[in-house]
Structure formats: structure tokens, C-alpha cells
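A.B. asks: Okay, here's the structure, questions in a sec.
The values are calculated or read from the model by the stated rules, or taken from the named source; none is laboratory data. Owing to the predicted nature of the structure, the values given are computational and were not obtained by experimental measurement. Reconstructed Cβ throughout: ideal geometry from the backbone, glycine too, with neighbour counts over all protein chains shown. Just so you know, the surface numbers come from the protein's heavy atoms only, side chains and all, with ligands and any DNA or RNA stripped out. Shrake-Rupley method; radii C 1.70, N 1.55, O 1.52, S 1.80 Å.
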Amino acid sequence: MNLELVIIFILFCSIISFYRLIKGPHPLDRIAAVSAIGIMLLIVLVLLGAHFNRALFIDVALVYGVLLFIDVLVMAKYFGTPGRREEDEA
Amino acid sequence: MILLYPTIVLLICMGLYTVLTQTNMIKIIIGISIVESSIILLLGAMAYFPGAAAPVLDHPFELVADPLPQALGLTAIVINASTTAIMLALVIKLHNRYDTLNIHEIKKLRG
Amino acid sequence: MDLLIWLIIIPLFTIFSIGIFNYINKKFVLPVVFTSAILQSGIAIYYIINRNNLLPQLYNVGNWQRDIAINLSIDNFTLVIFVLIAIMPLLSLLYSITEIQRKPAKFYLLINVLLLGASGMVMTADLFNFYVFFEIASISSYALVAFRDEDISLEAAFEYLIIGSIGSVFLLLGIVLTYQATGTLNMAMIPGRMAEIPVITRQVLMSLFIIGLGVKFALVPLHAWMPDAYQGSPISYIVLSSGLVVNVYFFVLVRILFIFFGVEFFQETIFTNLIVGWGVLSMLFGHGAALQQDNLKRLFAYSTIAQLGYVIIAFGLGTEAGIVAGSFHLISHALLKGAIFFTAGNLHKATGSYQIREMKGMAEKMPVMSIIFVLMLIAMVGIPPSNIFVSKWLILSAAVEAGYLLPAFMIVFGSFLSLGYYLRPVITIYTGYTGFPGKLPLLKFNEYFPTLLLAGICLIIGLFPGYILNIIDTAPEFLLEQSNFIIHILGG
Amino acid sequence: MKNISFNKLFSFSLVSLLGVLLLISFYDISNLEVTLSLSEHYINYGVEETGAINLVTAILFDYRAFDTIGEATVIFTAASIVALILPQHEASMLKTEFTPIVHQSIAFILPFFWVISIFLIAYGHLSPGGGFSGGVIISAMSILIIFTYGFHYMTRRFNVTRLSLIEDFGALLFLSIGVFGLIYGGSFLANSQAGVYLGNPGELLSGGLMPLSNLAVGAKVGTGLSIIFISLTRED
Amino acid sequence: MIHNFIVRFFLFSGMLFFLTTAIALIRFPDFYSRMHAASKCLIGGGISILIALIIREGPSPLSFRLLLLIVFLLITNPVVGHALSRASYHYGHVIKMTRDDLHERIFGDD
């Protein structure tokens, strides 16, 4: 199977997922969408590395995975603060 | 490629419009970040041309992307991050003093 | 001998090691800072004295060929700023010993960063390297405005930060577009390729540079940060800012405009008239706004804006006499404004406020300082034998020579306008004796010495303008003739 | 239409004018025939002149190392400014406590982060990475530690004073590399032009002093960003 | 032949998982089910494609790094999912359930 086709397909999926990022009624919905899109793009990076046969894309993907992990964790810590719901509704 | 430059111009305009019209300090900072990021996007766009390989020459390539804008972009990212950190520190300080994020209210409170 | 790189290495060493010295023993900080400041002044003076056999000088960082390396260069035009580098930082540091009581090590660090940025911006001949030094100077300015930790300082710092970031974004955009259009970052290689760019794009590039740098020296529509920032920041920083850094930004803008676009480009289009008109407008605006201020620091901030208007007129003429006159006014205004700010800080010790109405009867409390203050205010208007008189005379004659009669008239008119607001503090100081309030404030050596020294230098320049004119009279060679600069950087 | 104030209309027209001008100049510039002499030199001679196969690192740490030292100064200054503006207990952070699951897995994964950062710093001249990226990963570790184990756990081990000492030494190391070039190569920050043995391109120990300056910048950036982050998040 | 077939199978299953994720993110009604889709399907899709690439590549430094990436994703993604859903519970997203143990753990019996 041609790798370019897989890349295009995954990019298409990530564009579909953007709907939740823009619409998402709550920040946590958007964060879930961000983590989904992030991993899709990470896989796209890896596929590009395999397509061009260069290891450097995989190094980039590794670092990107690390930063994505930290991003989502920090946002989960911040947006899940207890008592925020009462503030929002008030 | 043909859509890239209009996108960059649109991003710059959006960021500047945010800075000019918003009164929330955090939103102003977000606007400035958008403009700065769009310039870094411009640097990335300048470096690439069709068929170019990434500038790590582990084996010889015919076409290599321009490495200079990428290095400049790295420098610009670092500088922007530093400026943003200082802005956020000032916002935290101002919020502690006045208990508001609205820049007009701060001016009014000080008189 | 290539001493110029040490103007970069010495402040860098000070910046990086000041934390270690502060950690070991706080007493080490002051000697280190002063040694580095004296060394920097010494290097600047060395270049001024030996200008005939050393200049122009070029330094390739990293020893690469001239066309790919980052070059540092000193030519005769750079000496305009070197005069200020030799004088201002040392006096400002001296004054700050008593003024800055809270976290002095951080203050010295930031001042050194500011100096590093200023000397780097002046010397570099590479466009992106210039942006890096520009940001270094800007970042330390933002922090120095916020240094006093009062409400007005923090708010002014935020305002300055927002306006300054927008400015630096425009500057970066200009630099990136210039790189894309010319394919090089070397300032000497750009002018040759600039001619191929369509005129509209060249004008867009030029406006990007003007906006980016104009924010920093408070060009009139972009001046809003300056009075607020000056109102909230320590005197030592204000002296360094209005005496050195603002002039550096202006200097760099002039160099970029003249070298990249060339005088012919201005004279062919309407830009000469536009720039001169802009200078007149900003001068009139500065004077007019200063008339309404009742805070001394704000008043002098608007006065600085107005005085830079004169400099813009002089450089906008684009003639040799105009450039010499503008450089002379840049130097003399910086020195005199520094002395005035020092005096205002000294008077502040008695009143505890910078409001003009609080200064009633000041002549009784501090007679000597008051007389000096009054003399300097009158000198600022341009009464002979002050140095401002000489520089305004030079600008006037240059404007008349170039055929700009209306701007010349406006310069005279602006001077009369400025008499209006300089006389107000004078009248307040010498009227309304309120009686002796108690203990006389005692001035320390490091507080009155910088004031007297700067005032003395101004007087000497006013009486013998030849000393400065000798230094700057060859400056136009490297500005009006692009080929001189290009040959100097790239070799024959 | 009532809600559109004069300010918004004015800003909108100003911004759209700028946009049109920028579009015109982008169009003009993209039509120019530009000779990229600087980049051509870097691409054609970069590997043999600097010994680094990653051209971006070659530019950052050899051709334009002067920019990099200025950039390092910017981060250094920003760290000390943020620590100056926000002294003890000025800022506080909203939070949800994490569970032991997160604590354990973070403890499991931190060594992995160390390995990545050291890999990025050491292979800076061979693969994408370098001092800046490695430093960012180091500071990301301090972010993770603060977020999971709390602010006090972090500052008990590494408080701001100690971190800024490390930062000072990293910066001084970079500066002394530059002065080494001045003494042996006749020019500040001279690396390959100072006659340093470059090694074979593609090996770990190649590129002259480049790995050393990567190390210095990595230590500096990591600690600097950590200081900025510690200052911005303080728990009461 | 069989080698090629296995690679195609894994690639195809990865694509399927990604498509499921994208559709689920749009269609699912509440946060927890979207969370379920986002974490589970990505682990499935991502790791299928990485395995396909490892098989396609054979033993080499590149496939070693891919293996490292798989280990990393396997450690981090569950943690992220756990932290996100816990944050959402603390915020106050509650779905209909017969018994809420976490509420008792946090707020006590009241």
C-alpha cells in the first residue's frame, strides 16, 4: 500500500476531528480533540519518516510526543479544578 | 503553496485586530502571540520549495531546503517566548494588585 | 588592535557572572560593575581619540569571509553614539548607587544588558543580528521601567511591552521580507539588490522599518508609552534611555534608511518633504503637549519627543550640513537632558514629588541645585552660549541652505513655544517661599558630581563646539555615499 | 450594526489596509528572481567547513554563533526579570490533585525524558535537536515535577538560587568557548576557523567545539526556562 | 508475499481505527464517550501503523526508535486519558450511573 495514501487519509481524519476542537462545548472536549489530533499528526510524522527513509523525522516525532503528553496533562490539571463549575454557573 | 501567503497575512491581521480591540490583557497577549507565530510560519514557508529535503545532510541530496530561515525562526521563537514570559509575569502582578484583567478598569482604578 | 569586540565581551561577562558574585559576597558586585563600565567607556574614548588612524574598522565574528560572516564595524558615523557610550553609562551607574536600594544586583545586570544591546545595535552590520540586539535592549528596558514596583511603573511597563512587541513584530517582518527579497542579511550586500524590488514593495519595507524602530524612539503617533514609562521609572534608567538608547534606535533607523534605500530614493519620491514635515509635526506636538504637563518627568518626556523632532528635520534634509547638525543636536540634547534629569532627581530629594506645584520655594532649600536647574532649562531653549544654541543654529542654517524656509521658521517658533513650559518650573521655584521646613537634604558626592560634570561638559561644548564638530564632521561620508560603506564592509 | 463602535471600525480598516499592502508586497517579492548566495554557501560548503551534518545547528553554533549568544542572553535576562517581577508567593495556581496512578507513571517516565534530552543535546549536530530543544525538554521535566509532586517538592531540591547558579555557569561556559576562539583563532566565537579538529562528519565527536557549546546552551536554556516556570507558578 | 500482506493489514486496521476516532469525536453524545473514543482508538490506530512500519522496515535503528515510540505511547496515553476523565469528574460532568464510588472517596458519605 502506498504510504502517501495513508498520510492523506490520516490528515483527512484529523480535519474531521477539528469539528470537535472548534465546536466542543467544554474546554475538556477540546482537549480530548487536541490529544486525538496530536497523535494523528505524530503518526503522520512517523509515516513521513518512513516515506523519505530518514530517521530524523522519528526523532522529531518522539519530542513531539513528549510535548503533547505534557501539554494535555497540564491542561487537564488546570481545567479540572474543583469548584469551577459553580463559578461558571454563577 | 498559493494559499500559504494569504493565510499568513490573514493571521497577522487577525492578531493585530485582537490587540487593537480587546481589553482583556490575556487576550492581548494571545493576539501578539498569533502575530509572532505567523511570522515564524512565514519563515518556515520561505525555507521550503517543492522537492526539497530537510537540511540534515546524512547522505547527499539534490535539493536542500534553505537552512537559514529555519535557524532564524529558532532564534525568533526563543525571543518571543522570553517576551511572552515577561508579559505574563506583569499580568500576574497587575492582577494581584487590582484584581481585574481589564486594562481600562486598571487605568480607571489608578485614576 | 581589535578592541571593539570587547565592547560585547565585557558586558556579557558582567551579565553572566554578576549572579555568582552576588551569591559569594554582595560586596563584590559594585567593583565588578564599575570596572566593566570604566573599561567600556575607555574603549569608546580610545576609538574617539585614535579616530584618524583606526577608523573605519571591521571585525569578522568567527573569522569567516566577509560576505557570510556577521560583521561588526565602526566608522565615523558610529562615533556619534560612541561619544554618548563614553559618558552616559558611567554617570548613570554612579547616580544609581544611592537611588537603587532594592535588589541592586538585578539593576546592574539589567543596565549591563541595556548597554550590550545598545553597543551591539550600533556596531553590527548584519540585519538579523541587529534584531537580536534590538530585542536584548528592549527586554531590559521593559524590566527597568517596571523596576520600582509601583502601580504606575507596572502599568507603564505593560503598556510599553505591548506597544514595543508590536513594533518588534513589524521590524521582524521587515527583516524577513528583506531577506526574502534580497537573499542576504549582510547590510552591505542589500543595497545593490534593493534596486530590483518594485517601488511599492520598497515603500512597504521602509514603512515596516520606520514603524518598528519609531516605536522605540517615540515617533509621534507611536509615542504614548514614553511619558508614562518615564513617570514610573528610576532616574538612572531615564538618563540612560533618553541619553543613549533612544538615540541608538534613531541612529540605526537613519543608517538603515540611508544605506538600504539611498538618498536618491528619498529625493526622487516625496519622502524628503514627508520626513521633514513629520519632524516639524512631532516637534510642535511635543512642545504643545509639554505645555499641559504638571509632572516634571512627563514634561521632560514630551520635551525629548520634541527635541527628536529637530533631529528628524535635520536628518530629513539629506544634505551633509543637515547630517552634521542633526548629529550635533543628538549629542548635545542627550548630554543636557541627562543633566536636567539628574538635577530633577536631586530636587526630588527635598520635595519627595515630581509635581511642579510642590516645588514652591525650592530656591531656599537647595540654592545651588536650583540655580543649575534654571540655567539648564534656559539653555534647553537655546540661549547662547549653550550647546543647544549651537546645534539649533546649525540646523537652521542647514534648513535654509537646503531651501526649507517654512521648517526653519517653525524651528524658531518651536523654541519660543518651549520657553513657555520651561519658564513654569523656574517661576515656581523662585516664588512662594513657604518657610524652612526642617532638615536640609544633604546631597552625596555621587549625586551632585554627575550633574555638575554633565552641566560642565554642556557648557564647554557650547563655548567650544569644535571639540564635537571635529569628531563628527566626517560622519556624512559613510551615510550619504553608500559605496563607502559597502567597500568598507565587503572590501574593494 | 449598532454594536460596531468607531474604535472597532477604525481598527478593522487599519488592519485591512495593512493586509492589502502586505499581500501586494508578498506577491511582488515572490515574483522576484532571488539569488540566495548566503544559503547556497551554507548548503554547498557547510558540512566540510563546520563538520556538522545538521546545517541548522551548523548555522546556529558556527556561522551565526554570535546570534546564538545574544539569544542566550535574552533567555538569561528574561529568567532574571521574571524572578525579579514575581517574588515569593505572588502567583498561585488552580489545581486538581493527581492520583497515585499519575505519580507512579511520571516517576517511571522521568528517566526516559532525561535520556531524550541528553540525546538531543549530544546529537545536536547530527540530527534535529541541539541545545535549545534539549533545554526545553529539561525544563519540561521540571514542569512535570511541579505539576505532579507539587511546588515544594521541586524547590526543596532545586530552588531558584541554585538553578540560576547553574544557569550562570552554563552561560559562562558558552562565553569562554567564544573567548577560546578569540585566543586561538583570532576572532570571537571562531570554531572551525580556529583550527579545532573537526572530526569526520556524521560521528558523535565531530564539529569541533560544537558539542560543547550545545551542552552549555542546553544547561542554560533548561535552567532558564525552569526558573521562568517556577516563578510563574507558585502555590500558597 | 505474506510479509507484504501483514503490513497492509496493519496499515488498513490503523486507518480504520483513525476513521472511527474521527467519526466518534463528532457523533458521540457526552464527554466520557468521546474520551473513550479518543484514547482507545488512537492507541489502536497509532500502534497498528507503527507495527506495520516496523514489519516493513525489518530490524534496523529506525525500527528500534519506532519500538521506543510504541513503548512511550503505551505508557503516556493511558495516563493522559485517566487525568482527563478525572479532571472532568472534578469539574462536574456526571453521567447517569447506579453507584458513584469516587464521590464517596472524595466527599465522604453525606
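A.B. asks: State all residues of segment C:278-308 that are open to solvent by 30 Å² or more (accessible area, probe 1.4 Å), part of a helix (DSSP H, G or I) and either polar (S, T, N, Q) or over 13 Å from C:Gln231 (Cα atoms) (or both); if no residue qualifies, say none.
C.D. replies: Just the residues of segment C:278-308 that are open to solvent by 30 Å² or more (accessible area, probe 1.4 Å), to begin with: C:278, C:281, C:284-285, C:291-292, C:294, C:298.
Narrowing the set further to residues that are part of a helix (DSSP H, G or I) leaves C:278, C:281, C:284-285, C:291, C:298.
If the condition is that a residue be open to solvent by 30 Å² or more (accessible area, probe 1.4 Å), part of a helix (DSSP H, G or I) and either polar (S, T, N, Q) or over 13 Å from C:Gln231 (Cα atoms) (or both), then C:Trp278, C:Leu281, C:Leu284, C:Phe285, C:Leu291 are the ones that fit.
A.B. asks: I would also like to ask the following. Filter segment C:461-492 down to residues that are on the phi > 0 side of the Ramachandran plot and either buried (at least 17 other Cβ atoms within 10 Å of the Cβ) or under 22 Å from the mean Cα position of the chain (by Cα) (or both), then give me how many there are.
C.D. replies: Adding up the residues that qualify gives 0.
A.B. asks: If you don't mind, another one. So C:Thr35 passes all but one of these: (1) at negative phi; (2) touching a Leu at 6+ places or on another chain (Cβ under 6 Å). Which condition number does it fail?
C.D. replies: Condition not satisfied by C:Thr35: (2).
A.B. asks: Okay, moving on. Considering every residue within segment D:156-174, establish whether at least one is aliphatic (A, V, I, L, M), touching a Ser or Thr at 6+ places or on another chain (Cβ under 7 Å) and open to solvent by 40 Å² or more (accessible area, probe 1.4 Å).
C.D. replies: Within segment D:156-174, one or more residues are aliphatic (A, V, I, L, M), touching a Ser or Thr at 6+ places or on another chain (Cβ under 7 Å) and open to solvent by 40 Å² or more (accessible area, probe 1.4 Å).
Listed here are the residues, each with its yes/no results for (1) touching a Pro at 6+ places or on another chain (Cβ under 9 Å); (2) among the aromatic types (Phe, Trp, Tyr); (3) modelled with pLDDT under 90; (4) under 23 Å from C:Pro31 (Cα atoms).
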position	(1), (2), (3), (4)
C:Leu84	no, no, no, yes
C:Ile97	yes, no, no, yes
C:Ile111	yes, no, no, yes
C:Leu116	yes, no, no, yes
C:Glu135	no, no, no, no
C:Ile139	no, no, no, no
C:Tyr142	no, yes, no, no
C:Arg148	yes, no, yes, no
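A.B. asks: Yes or no: B:Thr18 within 27 Å of D:Leu225 (Cα to Cα) and at pLDDT 90 or above?
C.D. replies: Here the answer is no, as B:Thr18 does not meet what is asked.
A.B. asks: Here's something else I'd like to know. Can you confirm whether segment B:55-74 contains a residue that is facing another protein chain (nearest Cβ under 7 Å), crowded, with 21+ Cβ neighbours inside 10 Å, within 30 Å of D:Val82 (Cα to Cα) and of a type in the set (Gly, Ala, Ser)?
C.D. replies: Checked segment B:55-74: at least one residue is facing another protein chain (nearest Cβ under 7 Å), crowded, with 21+ Cβ neighbours inside 10 Å, within 30 Å of D:Val82 (Cα to Cα) and of a type in the set (Gly, Ala, Ser).
A.B. asks: Check whether at least one residue in segment C:394-402 is among the hydrophobic types (A, V, I, L, M, F, W, C) and not in a helix (DSSP H, G or I), and report yes or no.
C.D. replies: Yes - at least one qualifying residue is present in segment C:394-402.
A.B. asks: Could you give every pair whose Cβ atoms fall below 6 Å, whose first residue belongs to segment C:6-19 and is more than 7 Å from chain D (Cβ to nearest Cβ) and assigned to a helix (DSSP H, G or I), and whose second residue is hydroxyl-bearing (Ser, Thr, Tyr) and surrounded by 23 or more Cβ atoms within 10 Å (Cβ to Cβ), counting only separations of at least 6 or pairs across chains?
C.D. replies: From segment C:6-19, the pairs are C:Leu7/C:Ser119; C:Ile10/C:Ser36; C:Thr14/C:Ser36.
A.B. asks: Here are some residues: C:Ile411, C:Ile383, C:Ile427, C:Ile371. Which one is open to solvent by less than 10 Å² (accessible area, probe 1.4 Å) and either outside the structural domain of C:Ser92 (by TED's automatic domain parsing) or at pLDDT 85 or above (or both)?
C.D. replies: C:Ile411 is the lone residue from the list that is open to solvent by less than 10 Å² (accessible area, probe 1.4 Å) and either outside the structural domain of C:Ser92 (by TED's automatic domain parsing) or at pLDDT 85 or above (or both).
A.B. asks: Kindly evaluate C:Asn63 against the criterion of being without any contact (Cβ under 8 Å) to a residue 12 or more places away in the chain and not in a helix (DSSP H, G or I).
C.D. replies: The answer is yes for C:Asn63.
A.B. asks: Is it the case that C:Leu54 is out of contact with any Gly (no Cβ under 7 Å at 6 or more places or on another chain) and open to solvent by 60 Å² or more (accessible area, probe 1.4 Å)?
C.D. replies: Judged against the criteria, C:Leu54 is not a match.
A.B. asks: Given the conditions (1) without any contact (Cβ under 8 Å) to a residue 12 or more places away in the chain; (2) more than 16 Å from A:Gly24 (Cα to Cα), report the number of the one that E:Thr20 does not fulfil.
C.D. replies: All conditions pass for E:Thr20, except number (1).
A.B. asks: Name the pairs whose Cβ atoms lie under 6 Å apart, with the first residue in segment B:31-45 and within 10 Å of chain C (Cβ to nearest Cβ) and in a helix (DSSP H, G or I), the second open to solvent by 10 Å² or more (accessible area, probe 1.4 Å) and polar (S, T, N, Q), and 6 or more positions between them or separate chains?
C.D. replies: Close Cβ pairs (under 6 Å, with a partner that is open to solvent by 10 Å² or more (accessible area, probe 1.4 Å) and polar (S, T, N, Q)) amount to B:Gly31/B:Thr18; B:Glu36/B:Asn80.
A.B. asks: E:Ile51 passes all but one of (1) under 20 Å from A:Ser35 (Cβ atoms); (2) among the hydrophobic types (A, V, I, L, M, F, W, C); (3) under 17 Å from the mean Cα position of the chain (by Cα); which number fails?
C.D. replies: The single condition E:Ile51 does not satisfy is (1).
A.B. asks: On the given criteria, is E:Thr76 of a type in the set (S, T, N, Q) and out of contact with any Cys (no Cβ under 7 Å at 6 or more places or on another chain)?
C.D. replies: yes
A.B. asks: If you scan segment C:113-129, which residues turn out to be in a helix (DSSP H, G or I) and among the small types (Gly, Ala, Ser)? Even if it seems obvious, please write down each step before you answer.
C.D. replies: First, pick out the residues of segment C:113-129 that are in a helix (DSSP H, G or I): C:113-123, C:127-129.
Listed by number, the residues that qualify are C:Gly117, C:Ala118, C:Ser119, C:Gly120.
A.B. asks: Please report, ordered by residue number, the helices (runs of 4 or more DSSP H) entirely within segment C:130-249 with at least 3 residues that are open to solvent by less than 10 Å² (accessible area, probe 1.4 Å).
C.D. replies: Of the helices (runs of 4 or more DSSP H) lying wholly inside segment C:130-249, those with at least 3 residues that are open to solvent by less than 10 Å² (accessible area, probe 1.4 Å) span C:151-182, C:199-214, C:225-232, C:235-240.
A.B. asks: Could you please give the count of residues in segment D:84-109 that are under 26 Å from A:Leu28 (Cβ atoms), at pLDDT 70 or above and either at the interface with another protein chain (Cβ under 7 Å from one of its Cβ atoms) or open to solvent by 20 Å² or more (accessible area, probe 1.4 Å) (or both)?
C.D. replies: Qualifying residue count for the region: 12.
A.B. asks: List pairs: first in segment C:87-107 and in the same structural domain as C:Pro234 (by TED's automatic domain parsing), second among the polar types (S, T, N, Q) and not in a loop (DSSP other than H, G, I, E, B), Cβ under 6 Å, 6+ apart or cross-chain?
C.D. replies: C:Leu90/C:Ser41; C:Ser92/C:Ser236; C:Leu94/C:Asn446; C:Tyr95/C:Ser236; C:Ser96/C:Ser236; C:Ile97/C:Asn446; C:Glu99/C:Ser236; C:Ala105/C:Asn22
A.B. asks: Which of (1) surrounded by fewer than 23 Cβ atoms within 10 Å (Cβ to Cβ); (2) of a type outside the set (D, E, K, R); (3) touching a helix residue (DSSP H, G or I) at 6+ places or on another chain (Cβ under 6 Å); (4) farther than 23 Å from A:Leu73 by Cα does D:Ala122 not meet, given it meets every other one?
C.D. replies: (3)
A.B. asks: Separate question: For segment C:69-111, enumerate the residues that are among the aliphatic types (A, V, I, L, M), open to solvent by less than 10 Å² (accessible area, probe 1.4 Å) and assigned to a loop (DSSP other than H, G, I, E, B).
C.D. replies: The answer is C:Ala69, and nothing else.
Conditions tested, residue by residue: (1) modelled with pLDDT of 90 or more; (2) touching a Lys or Arg at 6+ places or on another chain (Cβ under 6 Å); (3) open to solvent by less than 60 Å² (accessible area, probe 1.4 Å).
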{"site": "E:Met1", "(1), (2), (3)": "no, no, no"}
{"site": "E:Asn4", "(1), (2), (3)": "no, no, no"}
{"site": "E:Val7", "(1), (2), (3)": "yes, yes, yes"}
{"site": "E:Leu11", "(1), (2), (3)": "yes, no, yes"}
{"site": "E:Gly14", "(1), (2), (3)": "yes, no, yes"}
{"site": "E:Phe31", "(1), (2), (3)": "no, no, yes"}
{"site": "E:Met35", "(1), (2), (3)": "no, no, yes"}
{"site": "E:Lys40", "(1), (2), (3)": "no, no, no"}
{"site": "E:Ile49", "(1), (2), (3)": "yes, no, yes"}
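A.B. asks: Something else about it: Among the residues of segment D:1-59, count how many are small (Gly, Ala, Ser) and under 30 Å from B:Thr23 (Cα atoms). It would help to see each step written out before you state the result.
C.D. replies: Restricting attention to segment D:1-59, the residues satisfying the condition of being small (Gly, Ala, Ser) are D:5, D:11, D:13, D:16, D:19, D:25, D:30, D:37, D:39, D:46, D:51-52, D:58.
Now restrict to residues that are under 30 Å from B:Thr23 (Cα atoms): D:5, D:11, D:13, D:16, D:19.
Residues meeting the conditions: 5.
Per-residue answers, yes or no, for (1) open to solvent by less than 20 Å² (accessible area, probe 1.4 Å); (2) of a type in the set (A, V, I, L, M); (3) facing chain E (nearest Cβ under 9 Å):
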residue	(1), (2), (3)
A:Ile15	no, yes, yes
A:Met40	yes, yes, yes
A:Ile43	yes, yes, yes
A:Asp59	yes, no, yes
A:Gly65	yes, no, yes
